[in-house]
1. Out of Gly135, Asn53, Ser6, whose Cα points farthest toward the positive end of the dipole of the chain (charges: +1 Lys, Arg; -1 Asp, Glu; placed on Cβ)?
2. If you place +1 on the Cβ of every Lys and Arg and -1 on the Cβ of every Asp and Glu, how big does the dipole about the Cα centre of the chain come out, in debye to the nearest 20?
3. Indicate, rounded to the nearest 5 percent, the antiparallel portion of the DSSP beta bridges found entirely in the chain.
4. With +1 on the Cβ of every Lys and Arg and -1 on the Cβ of every Asp and Glu, and nothing else charged, how large is the dipole of the stretch 1-77 about its Cα centre, in debye rounded to the nearest 20?
5. Using a 10 Å cut-off on Cβ atoms, rank the peptides 49-62, 30-43 from the highest mean neighbour count down.
6. Does anyone have the angle between helix 7-21 and the longest principal axis of the chain? Alpha-carbon axes, 0 to 90°, nearest 10?
7. What is the chain's relative contact order, in percent, from Cα pairs under 8 angstrom and six or more apart in sequence?
Amino acid sequence: MSLQYSTTVRNAQLDALETAVGVSAILKIYDLTAGAPANCAAAITGTVLATLNLPSDWMAAASAGSKAMSGTWQDASADAAGVADFFRLFASDGTTCHAQGTVTLGGGGGDMTLDNTNITAGQSVTVTSFAISAGNA
């Protein structure tokens with residue numbers, strides 16, 4: 001039998017993510033020059049396309065083992081042009097990576113959904129969907 005957690009424990013695990021990252025989290029979206037690094041500790045590859053300063057309460061409280069973005073996640077003026085491939089979620093220092101994942105358009109199966117993955121420098125970039133579910137239910 002595999003280990004299983006109650007919904008209460010799963011919600012607490014998810015809420016701990018936002019606490020660990022902290023307020024004033026920074027989200028950076030990268031192009032697909034070399035693909036995503038192997039993990040959050042690996043050196044960054046690619047060009048930063050957009051930098052988003054997330055709202056102070058950037059995730060809603062976990063419920064039923066899931067946690068969704070809260071507020072508006074937007075960069076009013078993209079940093080560079082390219083095709084969005086992956087993201088990294090940083091603490092407010094902009095260098096301590098706490099999570100990374102894939103970026104796609106709606107229905108593309110990525111960890112995060114953008115309004116447009118073909119980014120032009122100066123355009124607005126908006127995250128339209130981001131949610132995390134806890135395993136071991």
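1. Ser6
2. The dipole of the chain has a size of about 260 debye.
3. Of all bridge pairs located within the chain, approximately 95 percent are antiparallel.
4. So the dipole magnitude of the stretch 1-77 works out to roughly 160 debye.
5. Top of the packing list down: 49-62, 30-43.
6. 40
7. So the answer I get is 28 percent.
Taken together, the values in this text are just the output of simple stated rules run on the coordinates, not laboratory data. Since this is a predicted model, take the numbers as computed values, not measurements. No Cβ is skipped: glycine too gets one built from the backbone with ideal geometry, and neighbour counts run over all protein chains shown.
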